[in-house]
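Worksheet for the structure shown next.
The values are calculated or read from the model by the stated rules, or taken from the named source; none is laboratory data. Predicted model only: the values in this text are computed from it and were never measured. In this analysis, Cβ positions are derived from the backbone assuming ideal geometry, glycine residues included, and neighbour counts consider all displayed protein chains.
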């Protein structure tokens, strides 16, 4: 974290918890500023694909499966961020989201 935030140990220790969190998050951004408006197309496409898993399921089981979709959305963001880190990038782009979606489909597809 010290290398990422370009801080010394002394500077890091004197920062508040909130300041540490903010200094880490300011390095990350998505490839488009529309992320803040919740209309980031690659992520919305992934979410649509997750909900397509419900097609053809009965009403009882579809409710159970639907309850896991918010977690899959979170995992998509986590995996996409991790993939961007492996590419040595500070920008999460649509390709990272697509690869994260593929990983989740490989793990959870019935």
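Applying the criterion of at least 1 residues that are at pLDDT below 85 and in contact with a helix residue (DSSP H, G or I) (Cβ under 8 Å, 6 or more places away or on another chain) to the helices (runs of 4 or more DSSP H) found wholly in the chain leaves 2-5, 9-14, 17-25, 41-52, 94-108.
Scanning the stretch 85-97 for residues that are surrounded by 18 or more Cβ atoms within 10 Å (Cβ to Cβ) and touching a residue at least 40 places away in the same chain (Cβ under 8 Å) yields 92, 97.
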